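The values are calculated or read from the model by the stated rules, or taken from the named source; none is laboratory data. As the structure is a computational prediction, the values presented were derived from the model and not from experiment. Every residue, glycine as well, gets a Cβ built from its backbone with ideal geometry; the counts of neighbours run over all protein chains shown.
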Amino acid sequence: MSKITSINPYTGTTLLTYTLDNKLSIADKVQTSKQVEVKWRNTSIKDRGKLLAKVADLLLDRKEEYGELMTKEMGKPISQSIAEIEKCAWACDFYAVNAEDFLSDEIINTDAEESFISYDPLGCILAIMPWNYPFWQVIRFAAPTLTAGNTAFLKHAKNVPGCAKALEQLFIDAGYPIGCFQTLLTGHGEIEDLIANEHIKAVTLTGSEIAGKGIAKVAGEQLKKTVLELGGNNACIVFEDANLDEHLDTMVKARMQNTGQSCIAAKRFIVCADIYDEFLERFTNQVKSLNIGDPKNKETFIGVMAREDLAITLKDQVDRSIEKGAKVILGNKQDKAFFAPTILSDVTPNMSVFKEETFGPVAAIVKADNREHAISLAVNSRFGLGTMLFSRDTEGAKKRISEIPDGAFFINDMVKSDPRLPFGGTKASGYGRELSREGILEFVNVKTVYIKN
């Protein structure tokens, strides 16, 4: 296949057709990357930061344009698309300001006259990125990685080629040298060959557990570092003293934003028995009030899923859970790429909506006998991306931190990514960290320098 076509999931219409990269064009791009690598790594961190600040400015200038592109290609409601671009600009500003400090030599007192840690770029990093946050996922990789002095290749999801091309042009327009950030439109076979290329020094992937295992295997055979941000099955624990008046909106948003297509969405709502019935009623009413419709409408909160096959998979997970005793409180209606916001009660750990990642607007409501039971249900998962807990007793909730083995634990708020905080998972949710200081240090050589006169 030499072409790829992007399709609007809401209208079903064809947007554009793109020519795929082949082995020859990939080789040319590798050569271009090699030519710029030395120049870029020798560019001062301060100057790299200035270019990143220009990226932030361009993102804000073009947020309507990029938001519309995102909405057309993967169906994200336009207000959420624009908010995604604004968040990308925030991340760029964060690293433009802080990268020099993060990457400065760290003096270590030893027996030497001088000894320190130097943080040097690795070289060219390959990023394999998903469609659900087509700008944010890329920017949170690219902003720190490029500013650390690396170059980058982007292999984006097949259904957002327009976003991939726009991102490449964004860095060019900001003044980055040609070859510093390049997009590849290609298949998995070519990507495996590229990972084997000596020019590629490391790989990062955000995607499914299956994809992560495959890339980790290929990269491992080449002894190349990987950072993997994979699936999630996040628990939202609701203790009996939770303040629903204050936090119910947050809980609904935690499941339903981006039409539920988020690794860190709240997927299992584990609710203490004393508040279960009240929570179920109020949560259901809140979900019913969400605006559903055309993603281009700024009032729309729930649009369509990114592809019809994703909606079919979600329907199957829900139906298998119903067969095992889950009750449909709301929804469970699918029409092509549309899947209605769905709430299931009486969910138990043997059901697919409890065990598997549900990537769409489905909330599984689980009754816990008490707080201890709620915690045990929450940690009963192969995944480890994040957990949220709602309770008026914040001091008591803080004592639970060590009981949660995930990469994030949020008290009285939804799990979310923030440039100032490291982001990543444990167990089947992957390894390594993005964002914050930890993110920019993932793709550098932590070099010991020891000097004696």
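Only a single item in (1) assigned to a helix (DSSP H, G or I); (2) surrounded by fewer than 16 Cβ atoms within 10 Å (Cβ to Cβ) is not met by T17, and it is number (1). Total residues in region 409-453 satisfying the condition of being surrounded by 18 or more Cβ atoms within 10 Å (Cβ to Cβ), out of contact with any Lys or Arg (no Cβ under 9 Å at 6 or more places or on another chain) and not charged (D, E, K, R): the figure is 5. Residues considered: G396, G386, G439. Of these, the only one that is outside the structural domain of E86 (by TED's automatic domain parsing) and either of a type in the set (K, R) or in contact with a strand residue (DSSP E or B) (Cβ under 9 Å, 6 or more places away or on another chain) (or both) is G386.
Just to confirm my filter: which strands (runs of 3 or more DSSP E) fall fully inside region 307-399 and include at least 1 residues that are crowded, with 24+ Cβ neighbours inside 10 Å? Reasoning before the result, please.
On the way: elements: 327-330, 342-345, 362-368, 387-390.
Counting at least 1 such residues, we get 342-345, 362-368, 387-390.
Checked against the criterion of being surrounded by fewer than 17 Cβ atoms within 10 Å (Cβ to Cβ) and more than 19 Å from the chain's Cα centre (by Cα), the candidates E114, E86 yield just one match: E114. Is at least one residue of region 434-445 over 20 Å from the mean Cα position of the chain (by Cα) and over 28 Å from C272 (Cα atoms)? Yes, because at least one residue in region 434-445 is over 20 Å from the mean Cα position of the chain (by Cα) and over 28 Å from C272 (Cα atoms).
Given region 50-156, what strands (runs of 3 or more DSSP E) lie entirely inside it while holding 1 or more residues that are of a type in the set (A, V, I, L, M), under 29 Å from I191 (Cβ atoms) and touching a residue at least 12 places away in the same chain (Cβ under 8 Å)? Here the list reads 124-128, 151-155.
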